[in-house]
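A quick write-up on the structure given underneath.
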Amino acid sequence: MDHIILIGFMGAGKTAVGKRLARQMDLTFVDTDDMIEEQQGRSISDIFAKNGEAYFRSLETEVLCQLLDSKERCVISVGGGLPVQKQNWPVLRELGTVVYLEAEIDTLLSRLKYDTKRPKLQGGNLKEKIETLMEQRKDIYVKTADLRVTTDNREFHQILQEIMEKTAGYCKM
């Protein structure tokens, strides 16, 4: 199955772009964080607080593997830290075309400044947290992705058009 998998930092637009892309392409939209919350019956923040990051990362891998059984093509948005886990790389590749939604630090800061739900951004200097995490993750995002699409200062229709054009020429079916 050649799903379209959206990876990238928190606030890069994975969910917002993913929902619109799925509608535009008449596909199902799947968010791995939503799957985890539904299956666990609690929020990501609660999982982090009560069970820790390692447990949450294991849940991410579980839901990613569950998607291998999907019979219909989907647009899949994954959590920002999911690609950092090496065990997820072959699963992402098997699922389909991996698109890295890329955004500059200032764009991410603007989009995330009022967000209180993301455990990795809680407490302290938000810009420093974003910079530190981005430094740790950017090379992994680039290495994991088949395609890169910038979301800075762009309208949704421009981003969607670019993804559809690039994935049409990159299908792994």
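Of the residues making up the stretch 1-32, those that are crowded, with 22+ Cβ neighbours inside 10 Å and either of a type outside the set (A, V, I, L, M) or over 18 Å from ARG154 (Cα atoms) (or both) are HIS3, ILE4, ILE5, GLY8, PHE9, GLY11, GLY13, LYS14, GLY18, THR32. Only a single item in (1) touching a His at 6+ places or on another chain (Cβ under 8 Å); (2) within 24 Å of GLU162 (Cβ to Cβ) is not met by VAL17, and it is number (1).
Could you grab me the full set of residues in the stretch 15-73 that are among the charged types (D, E, K, R), touching a Ser or Thr at 6+ places or on another chain (Cβ under 7 Å) and modelled with pLDDT of 95 or more?
As a first pass, look at the stretch 15-73 and keep what is among the charged types (D, E, K, R): 19-20, 23, 26, 31, 33-34, 37-38, 42, 46, 50, 53, 57, 60, 62, 69, 71-73.
Next, only the ones that are touching a Ser or Thr at 6+ places or on another chain (Cβ under 7 Å) stay: 31, 37, 60, 72.
Of everything in the stretch 15-73, those that are among the charged types (D, E, K, R), touching a Ser or Thr at 6+ places or on another chain (Cβ under 7 Å) and modelled with pLDDT of 95 or more turn out to be ASP31, GLU37, GLU60.
In this structure, is LEU147 surrounded by 14 or more Cβ atoms within 10 Å (Cβ to Cβ) and under 20 Å from VAL17 (Cα atoms)?
Values: surrounded by 14 or more Cβ atoms within 10 Å (Cβ to Cβ): yes; under 20 Å from VAL17 (Cα atoms): yes.
In short, yes.
Could you pull out the residue among LEU109, LEU101, LEU64 that is over 27 Å from ASP26 (Cβ atoms) and crowded, with 16+ Cβ neighbours inside 10 Å?
LEU109
Taking the stretch 1-20 as the range and being out of contact with any strand residue (DSSP E or B) (no Cβ under 9 Å at 6 or more places or on another chain) and at positive phi as the test, only GLY11 passes.
Each row is one residue, and each column tells you yes or no for (1) modelled with pLDDT of 75 or more; (2) within 19 Å of the chain's Cα centre (by Cα).
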residue	(1), (2)
LEU112	yes, yes
THR116	no, yes
LYS120	no, yes
GLY123	no, no
GLU135	yes, yes
THR151	yes, yes
LEU160	yes, yes
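For the stretch 44-58, the candidate set comprises residues that are of a type in the set (A, V, I, L, M, F, W, C) and touching a helix residue (DSSP H, G or I) at 6+ places or on another chain (Cβ under 8 Å); within that set, the residue that is nearest to GLN85 (Cα to Cα) is PHE56.
Return yes when GLY80 is in contact (Cβ under 8 Å) with a residue 60 or more places away in the chain, on the phi > 0 side of the Ramachandran plot and surrounded by 13 or more Cβ atoms within 10 Å (Cβ to Cβ) and no when it is not. If you could, list the steps in order and put the result at the bottom.
Values: in contact (Cβ under 8 Å) with a residue 60 or more places away in the chain: yes; on the phi > 0 side of the Ramachandran plot: no; surrounded by 13 or more Cβ atoms within 10 Å (Cβ to Cβ): yes.
No: the conditions fail for GLY80.
For GLY79, indicate whether it is modelled with pLDDT under 95, within 15 Å of the chain's Cα centre (by Cα) and of a type outside the set (S, T, N, Q).
Details: modelled with pLDDT under 95: yes; within 15 Å of the chain's Cα centre (by Cα): yes; of a type outside the set (S, T, N, Q): yes.
Criteria met by GLY79.
The values are calculated or read from the model by the stated rules, or taken from the named source; none is laboratory data. Just so it is clear, the model here is predicted, and its values are computed rather than measured. Reconstructed Cβ throughout: ideal geometry from the backbone, glycine too, with neighbour counts over all protein chains shown.
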